[in-house]
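What follows is a short report on a single structure.
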Amino acid sequence: MRSDGEQIGSGNGERDTGVGDCGRGSNGATAIDRSVKRSRSRRMSIKAVVAAAALATALPIVSACGSGHEPGVLNLYPPADGADSIRAMGDKCSQESDGRYRIVTTTLPKAADDQRLQLARRLSGNDKSLDLMGMDVVWTAEFADAGWLTPVPDNLTGEVEGRTLGGPLETAKWKTKHDDAERLYAIPIWTNTQLLWYRKDVLRETLDKSQPAKTWDGMVADSTKSLAKGGPSYIMVQGKQYEGLMVWFNSVLASAGGEVVDPDDPNKVTLNDTPEHRAATVKALQVLKAVATAPGHDPSLTNGDETSSRLGMETGKAIYQVNWPFVLSSMRENAAAGSVPFLTDVQQYSGLFADKDKTPTDEQLAPVTRAVRQKFDFAPYPGVTEGIPAKSTVGGLNIAVANTSQQKDLAFEAAMCLTNARAQKFYSIDAGTPPVISSLYSDPDFRAAYPMADDIKLQLEPEHAALRPKSPDYQAISTLLQAKLSPVGSWDPETLVDQLAEQVQKAIDGEGLIP
């Protein structure tokens, strides 16, 4: 399993998006780019920006882009993270198709915002060469409402639904105004969920405990006690103003029994609409504030992301961390290299990682994992309120067939090959991406690569999976909530509740301004 981290909506700096001349005018800027720049300077609403992008379909210079396609050639656009694994499986599917199709893989940018923009350019430009695309799990509603996705055919829906864990499956469903009921608009290819990572040796030797805290309040209490006894006290979280902060808030809110919008009515804000919902939101905000302001808290928490969280634990400053499964691979390799001060005994395995071109087998890694877990271990995501199941926000990727594709039947045939059990097992071990197929969690090879398999599967079941708001306005909702939540802990929870609700309503109404 690779040690790559889950990159969530980073979008740092400018990068080559690989668009080429698609949708570009003579000055190299797309019509969408120009609309966005103008709208920002005039403080237009978020929905106005989206509308400007949609209107690009009417512009001849964009509509002409990608107007042709080559029969039998299926163009697939996956995100940069995991693209090599998808390309390898795409080649295998092509070889086994008996000449019916050939998948050509073009990698999207690394940042989720750039991925979304490039796909939107192609789709709004009616790019007929676009067949298959890797979709962030939060894009389904937006792309389906825009008419950019082809629903999964009924003859395939049963198979996909029957094999897929409940949490990831829900990320691929949506009901547009043209649908009588919710339907499948994409096929989950892999998933992710955060776990609680902790210093087992500190709990045992400093706090005289054999088990980690099960709630955030318990974590803060352990942190405070460890600090008083000279032990590590940081609780590592993703507190920077980016998508990771939304993931943290959403997980804690769901664990408190709350939600941002009504799952049956995405236009209804549910942060403060009832006394129970308001209490849940207040509690969630109290948890965030407590972690950010506790004695011995991470002083860089408001700039924290997945990488800094990992490093805070590896350097010995943290007692707890919430993060994706990749941190175990990182801990093993870095401990073997001698850069983890509390795992010096793991240096005996340094030879396993000496050749960067040769990945150790899971059998070879087993003793390393056992040694690491003597002091660094994992547990299910922490809860908030006694009696309410803890929930962790679902990440991952879905594969969708573009509505512009001229070869939809072939595209779905390829999509099923790219997402079958063989493919998902390959991705999980080669790219470090947990599968969505329930049966794979019993597979011996997968379990050897993922000692946390049972906890991951548990958190992907409906009662433990927290979905980010299913809404075509999700990007606006997330952006505006991040701005209000940051810097974490600088606000009063009772006051912030109504401010958050107001921002979500503005996003839904198209009145919110991009911060």
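The values are calculated or read from the model by the stated rules, or taken from the named source; none is laboratory data. The structure presented is a predicted model; accordingly, all values stated were derived computationally and were not measured. Cβ sites come from the backbone with ideal geometry, for glycine too, and all protein chains shown count toward neighbours. Protein only, heavy atoms only, side chains kept; ligands, DNA and RNA dropped before computing areas. Shrake-Rupley method; radii C 1.70, N 1.55, O 1.52, S 1.80 Å.
Pairs linking a residue in segment 439-460 that is closer than 28 Å to S255 by Cβ to a residue that is open to solvent by 60 Å² or more (accessible area, probe 1.4 Å), with Cβ atoms under 8 Å and 6 or more positions apart or on different chains, are Y441/R447; Y441/D454; P451/R373; A453/R447. Residues in segment 150-184 that are in contact with a Ser or Thr (Cβ under 9 Å, 6 or more places away or on another chain) and open to solvent by less than 10 Å² (accessible area, probe 1.4 Å): V160, L165, G167, P168, A172, L184.
Where helices (runs of 4 or more DSSP H) sit wholly within segment 143-231, those with at least 1 residues that are modelled with pLDDT of 95 or more and closer than 24 Å to R122 by Cα occupy 166-171.
For the condition hydroxyl-bearing (S, T, Y), at pLDDT 95 or above, open to solvent by 10 Å² or more (accessible area, probe 1.4 Å) and in a helix (DSSP H, G or I), T369 qualifies.
Specify the residue that is nearest to L203 (Cα to Cα); the eligible residues are those in segment 333-348 that are in a helix (DSSP H, G or I) and open to solvent by 10 Å² or more (accessible area, probe 1.4 Å). If you could, list the steps in order and put the result at the bottom.
Taking segment 333-348 and keeping what is in a helix (DSSP H, G or I), we get 333-336, 341-348.
Next cut, open to solvent by 10 Å² or more (accessible area, probe 1.4 Å) only: 333-334, 341-342, 344-345, 347-348.
Values: E333: 23, N334: 22, P341: 17, F342: 14, T344: 19, D345: 19, Q347: 23, Q348: 25 Å.
Going through the qualifying residues, I end up with F342.
Okay, residues lined up against (1) free of Cβ contacts under 8 Å to residues at least 40 places away in the same chain; (2) in a helix (DSSP H, G or I); (3) open to solvent by 10 Å² or more (accessible area, probe 1.4 Å); (4) closer than 15 Å to A465 by Cα:
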residue: Q374; (1), (2), (3), (4): no, no, yes, no
residue: F378; (1), (2), (3), (4): no, no, yes, no
residue: G387; (1), (2), (3), (4): yes, no, yes, no
residue: A390; (1), (2), (3), (4): no, no, yes, yes
residue: N398; (1), (2), (3), (4): no, no, no, no
residue: V401; (1), (2), (3), (4): no, no, no, no
residue: S405; (1), (2), (3), (4): no, no, no, no
residue: L410; (1), (2), (3), (4): no, yes, yes, no
residue: E413; (1), (2), (3), (4): no, yes, yes, no
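Does segment 72-89 hold any residues that are over 16 Å from the mean Cα position of the chain (by Cα) and either over 15 Å from L130 (Cβ atoms) or in a loop (DSSP other than H, G, I, E, B) (or both), and which are they? Those that are over 16 Å from the mean Cα position of the chain (by Cα) and either over 15 Å from L130 (Cβ atoms) or in a loop (DSSP other than H, G, I, E, B) (or both): G72, D84, S85, I86, R87, A88, M89.
For segment 415-467, enumerate the residues that are of a type in the set (S, T, N, Q), part of a helix (DSSP H, G or I) and under 18 Å from the mean Cα position of the chain (by Cα).
In the first step, residues of segment 415-467 are kept if they are of a type in the set (S, T, N, Q); the result is 419-420, 424, 428, 433, 438-439, 442, 459.
After this cut, where a residue has to be part of a helix (DSSP H, G or I) as well, the list is 424, 428, 438-439, 442, 459.
Passing the criteria: Q424, S428, Q459.
When segment 311-332 is examined, which residues are found to be outside any helix (DSSP H, G or I), open to solvent by less than 10 Å² (accessible area, probe 1.4 Å) and either without any contact (Cβ under 8 Å) to a residue 60 or more places away in the chain or among the hydroxyl-bearing types (S, T, Y) (or both)?
The first filter runs over segment 311-332 and keeps only residues outside any helix (DSSP H, G or I), leaving 315-325.
Cutting the leftovers down to open to solvent by less than 10 Å² (accessible area, probe 1.4 Å) gives us 318-325.
Correct list: Y320 only.
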